[in-house]
1. Does the stretch 331-346 contain at least one residue that is in a loop (DSSP other than H, G, I, E, B) and under 20 Å from the mean Cα position of the chain (by Cα)?
2. Taking SER314 as meeting all but one of (1) among the small types (Gly, Ala, Ser); (2) within 20 Å of the chain's Cα centre (by Cα); (3) within 26 Å of GLY213 (Cβ to Cβ), write down the number of the exception.
3. Sort out which residues of the stretch 213-230 are over 17 Å from HIS26 (Cβ atoms) and buried (at least 17 other Cβ atoms within 10 Å of the Cβ), and write them in order of number.
4. Across the stretch 188-204, which residue is surrounded by the fewest Cβ atoms within 10 Å (Cβ to Cβ) among those that are in contact with an Asp or Glu (Cβ under 9 Å, 6 or more places away or on another chain) and not charged (D, E, K, R)?
5. Could you list all residues from the stretch 139-161 that are touching a residue at least 40 places away in the same chain (Cβ under 8 Å), farther than 25 Å from ASN222 by Cβ and not β-branched (Val, Ile, Thr)?
6. Could you tell me which numbered condition VAL119 fails, if it satisfies all but one of (1) crowded, with 22+ Cβ neighbours inside 10 Å; (2) touching a Phe, Trp or Tyr at 6+ places or on another chain (Cβ under 9 Å); (3) over 22 Å from ASP293 (Cβ atoms)?
7. Of all residues in the stretch 1-38, count the ones that are modelled with pLDDT of 90 or more, part of a strand (DSSP E or B) and more than 16 Å from the ligand (Cβ to nearest atom).
8. Within the stretch 58-78, is there a residue that is within 16 Å of the ligand (Cβ to nearest atom) and either over 20 Å from the mean Cα position of the chain (by Cα) or over 24 Å from TRP198 (Cα atoms) (or both)?
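The values are calculated or read from the model by the stated rules, or taken from the named source; none is laboratory data. It should be emphasised that the depicted structure is a prediction, and the values quoted were computed from it without experimental measurement. Positions of Cβ are generated from backbone atoms using ideal geometry, with glycine treated the same way; all protein chains shown enter the neighbour counts.
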Amino acid sequence: MAPAETTDPDRELAENQTPGLVCAHHHLYSALARGMPAPPRTPTEFQEILELVWWRLDTALDPDLIHWSAMLGALNALQSGCTAIVDHHESPNAIDGSLSIIADACATVGVRVNCAYGVTDRHGADGAAAGLAENDRFLSAGGSGMVGLHAAFTCSDDTIEAATELAARHGVGVHVHVAEGPADTWRRLVGHTTDDWWLVHCVHLPDDHGLTGTIVHNARSNMNNAVGYADPRRFEAAGLPVALGTDGIGADMLDEFRVAFVRARERDVTTSPEVVWRWLEAGRRLFPETADDVVTWNYPVMDPWRLAYTTQVSPTRVEIDGVTVWDDGPTRVDAAEITAKAAEAATTLFARL
Ligand SMILES: [Zn+2]
């Protein structure tokens with residue numbers, strides 16, 4: 001581990017540098033999911049993917065697993081030049097304190113994070129109340145975050161109302177999955193949303209949806225779940241900002257940019273990479289401070305037209321808030337130790353599944 005080094009945040013960026021990239025929608029708890037045992041049967045549609053994979057995984061999480069998944073996810077982010085993560089967390093059997101575990105892990109690695117606990121009535125009114133309390137506890141303690149809602153279709157009207165009020169009280173938005181699958185009851189959010197809401201997926205949202213906020217597009221995840229194409233350009237045309245997330249499939253935002261680009265081209269071959277680069281940069285709305293983060297890349301010209309067709313571009317150096325946190329490896333943590341501990345944690349998780 002090399003010592004941290006302070007640099008001038010006002011310096012001009014070279015052609016092989018960018019500001020820090022932002023993952024506008026992540027689930028750090030999914031970092032340990034890779035290699036998990038197959039579900040009891042093969043899911044045939046989105047709702048079954050939730051029930052057979054993700055809702056079994058999240059109930060198995062405990063504080064130690066949350067810690068190591070966040071450590072590994074944060075390390076993976078730095079490795080890809082992502083300096084800020086907008087996380088959406090759920091661990092129904094370990095709710096209290098979970099957001100602080102994630103925030104502390106990200107701080108240890110040196111990555112910025114915005115945390116939210118995804119409140120849901122899937123585990124009854126007590127579960128919803130505990131989720132709301134965790135968001136309130138974390139934000140009241142000065143944590144950087146939003147109030148999380150899983151999605152309207154797993155929340156009662158009372159829970160949606162309570163999350164809306166809690167977010168307004170803390171002066172933050174609500175981070176919520178919207179119309180990811182066709183069965184979501186997103187219309188129950190109408191009248192609640194404000195410009196600081198974070199509306200994730202919006203695949204099945206019609207043009208006259210009546211919601212406001214930032215639309216977060218997750219091209220690869222949507223393709224993986226076969227939920228359809230969100231066509232984010234229609235939201236931009238209506239004046240809403242569009243940002244890019246991974247929905248938990250790592251935090252390699254250049255890779256996500258390339259996937260979102262080819263998916264957009266598949267729909268409309270006139271789409272310019274500059275459009276999708278604009279979505280990538282929109283994540284900065286929540287993290288304006290990332291504009292001063294400096295990522296130096298192993299590629300000479302960080303231009304959207306080149307990057308759309310260039311793979312294996314990775315950072316050689318990452319500076320966050322004037323401090324070097326990656327210099328051909330993490331400067332604050334031991335990558336080998338995190339990888340080993342995360343592998344142990346994954347073994348524990350898989351045994352529970
Ligand atoms: Zn998600």
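1. No: the stretch 331-346 contains no residue that is in a loop (DSSP other than H, G, I, E, B) and under 20 Å from the mean Cα position of the chain (by Cα).
2. So SER314 meets the others, but not (3).
3. GLY213, VAL227, ALA230
4. HIS204
5. Answer for the stretch 139-161, where residues must be touching a residue at least 40 places away in the same chain (Cβ under 8 Å), farther than 25 Å from ASN222 by Cβ and not β-branched (Val, Ile, Thr): ALA141, GLY143, SER144.
6. (2)
7. Looking only at that region, the number is 3.
8. Scanning the stretch 58-78, I find at least one residue that is within 16 Å of the ligand (Cβ to nearest atom) and either over 20 Å from the mean Cα position of the chain (by Cα) or over 24 Å from TRP198 (Cα atoms) (or both), so the answer is yes.
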